[in-house]
């Protein structure tokens with residue numbers, strides 16, 4: 001039996017039977033749907049594993065929440081007060097890793113711009129189509145918050161810039177994927193798939209076939225293409241259709257360009273495919289952002305900066321570009337779109 005899931009909030013339900021022992025659970029964490037599928041295990045064992053993974057995801061979400069009481073907001077408060085703070089070792093690792101990736105992206109991935117994200121209203125469970133005052137945006141841009149403003153000495157953290165406000169929304173889902181994969185391996189699970197709102201990581205296969213993923217069409221309810229996700233590989237999409245509002249006919253998405261303080265324009269979605277590594281999930285979440293934000297003629301360069309070779313770009317004007325390695329893996333469902341694919345290189 002073959003089926004696919006879309007990269008955003010869709011799963012074809014398959015029940016557990018002795019011939020096809022697929023356990024599937026669904027929850028809501030990180031403000032999005034989370035699907036966990038475990039193949040080839042007893043239902044009671046699969047349920048136990050799935051519950052433990054979901055609890056870990058909720059724990060990560062609670063600790064890294066950008067606008068509710070959390071460890072992250074405790075750090076942000078001490079930044080604003082220009083005070084040092086002792087933090088947990090895993091939070092040290094997260095911030096150091098996010099800083100490294102921010103430098104690698106030349107600042108286009110910048111979790112320090114939480115104030116800008118807040119100004120646009122995206123640090124809320126529900127947001128409205130209201131544009132922030134330009135003077136406010138100009139003032140926030142002038143503060144130039146960046147990850148390299150953060151100083152970590154052992155387990156102590158402080159910021160040289162009191163205007164740094166961390167928002168790890170572009171990192172946390174990928175981090176959770178890697179944490180989920182670690183739990184699966186500890187349980188010695190051979191076949192599973194985790195999907196956190198469009199960031200997906202695979203383990204093993206679904207029966208005799210690889211896990212097959214549908215890539216969401218950014219303007220239609222269906223998949224534009226499918227891709228076989230081999231064991232250990234992760235895939236993620238940044239799109240302007242996930243969190244956005246429309247004002248005077250113009251779409252404003254939650255992906256903010258740190259250089260302008262404005263939501264990125266011109267791109268509908270960027271999908272990246274990441275080979276197996278201990279941080280494949282993180283890279284599937286982070287690497288698509290600088291490619292999405294960058295200008296069309298810079299996207300190939302930023303893919304290389306992020307060490308990503310499998311990339312699919314869908315532009316606002318309908319142009320579709322994919323790297324040669326990505327083109328080899330895509331199975332197009334939208335034949336009209338297939339005819340328009342150009343090469344990103």
Original post:
Which is under 20 Å from the mean Cα position of the chain (by Cα), under 16 Å from residue 256 (Cα atoms) and touching a residue at least 60 places away in the same chain (Cβ under 8 Å), of 64, 108, 131?
Top reply: 108
Subject >> Subset tally (residues that are in contact (Cβ under 8 Å) with a residue 60 or more places away in the chain and either assigned to a strand (DSSP E or B) or surrounded by 22 or more Cβ atoms within 10 Å (Cβ to Cβ) (or both)) for region 288-305 >> reply: 5
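Test residue 132 against the stated conditions and say whether it is farther than 21 Å from residue 65 by Cβ, touching a helix residue (DSSP H, G or I) at 6+ places or on another chain (Cβ under 7 Å) and part of a loop (DSSP other than H, G, I, E, B). Full working, then the answer.
Values: farther than 21 Å from residue 65 by Cβ: yes; touching a helix residue (DSSP H, G or I) at 6+ places or on another chain (Cβ under 7 Å): yes; part of a loop (DSSP other than H, G, I, E, B): yes.
Yes.
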**OP:** Check whether at least one residue in region 267-278 is at pLDDT 95 or above, in contact with a strand residue (DSSP E or B) (Cβ under 6 Å, 6 or more places away or on another chain) and assigned to a loop (DSSP other than H, G, I, E, B), and report yes or no.
**Re:** no
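Hey, any hits in region 116-125 for a residue that's within 25 Å of the chain's Cα centre (by Cα), over 18 Å from residue 258 (Cα atoms) and outside any helix (DSSP H, G or I)?
First pass over region 116-125, keeping only residues within 25 Å of the chain's Cα centre (by Cα): 116-125.
In the following step, the residues that additionally are over 18 Å from residue 258 (Cα atoms) were identified as 124-125.
In the following step, the residues that additionally are outside any helix (DSSP H, G or I) were identified as 124-125.
Within region 116-125, one or more residues are within 25 Å of the chain's Cα centre (by Cα), over 18 Å from residue 258 (Cα atoms) and outside any helix (DSSP H, G or I).
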Subject >> Number of the condition not met by residue 256 [criteria: (1) more than 26 Å from residue 338 (Cβ to Cβ); (2) in contact with a strand residue (DSSP E or B) (Cβ under 8 Å, 6 or more places away or on another chain); (3) modelled with pLDDT under 95] >> reply: (3)
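Might you let me know whether region 253-261 holds any residue that is closer than 20 Å to residue 37 by Cα, in a loop (DSSP other than H, G, I, E, B) and within 16 Å of the chain's Cα centre (by Cα)?
Let us first name the residues in region 253-261 that are closer than 20 Å to residue 37 by Cα, namely none.
Within region 253-261, none of the residues are closer than 20 Å to residue 37 by Cα, in a loop (DSSP other than H, G, I, E, B) and within 16 Å of the chain's Cα centre (by Cα).
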Original post:
If we scan region 156-172, do we find a residue that is within 20 Å of the chain's Cα centre (by Cα) and at pLDDT below 95?
Top reply: no
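Does region 30-55 hold any residues that are part of a helix (DSSP H, G or I) and either crowded, with 17+ Cβ neighbours inside 10 Å or within 17 Å of the chain's Cα centre (by Cα) (or both), and which are they?
Residues of region 30-55 that are part of a helix (DSSP H, G or I), as a first pass: 43-55.
The answer is 46, 49, 50, 53, 54.
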Original post:
Any idea how many residues of region 306-319 are crowded, with 22+ Cβ neighbours inside 10 Å and over 21 Å from residue 257 (Cα atoms)?
Top reply: 1
Original post:
Which one is nearest to the chain's Cα centre (by Cα), of the residues in region 312-343 that are farther than 23 Å from residue 230 by Cα and in a loop (DSSP other than H, G, I, E, B)?
Top reply: 316
Original post:
Within region 97-117, is even one residue over 18 Å from residue 148 (Cα atoms), in contact with a strand residue (DSSP E or B) (Cβ under 9 Å, 6 or more places away or on another chain) and surrounded by 17 or more Cβ atoms within 10 Å (Cβ to Cβ)?
Top reply: yes
Original post:
Any residue at all in region 229-250 that is outside any strand (DSSP E or B), farther than 19 Å from residue 311 by Cβ and over 20 Å from the mean Cα position of the chain (by Cα)?
Top reply: yes
**OP:** Just one of (1) surrounded by fewer than 19 Cβ atoms within 10 Å (Cβ to Cβ); (2) in contact with a strand residue (DSSP E or B) (Cβ under 8 Å, 6 or more places away or on another chain); (3) closer than 21 Å to residue 242 by Cα trips up residue 283, so point out which.
**Re:** (1)
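The values are calculated or read from the model by the stated rules, or taken from the named source; none is laboratory data. No experiment lies behind these values; they were computed from the predicted model shown. Glycine also receives a Cβ, built like all others from the backbone with ideal geometry; neighbour counts cover every protein chain displayed.
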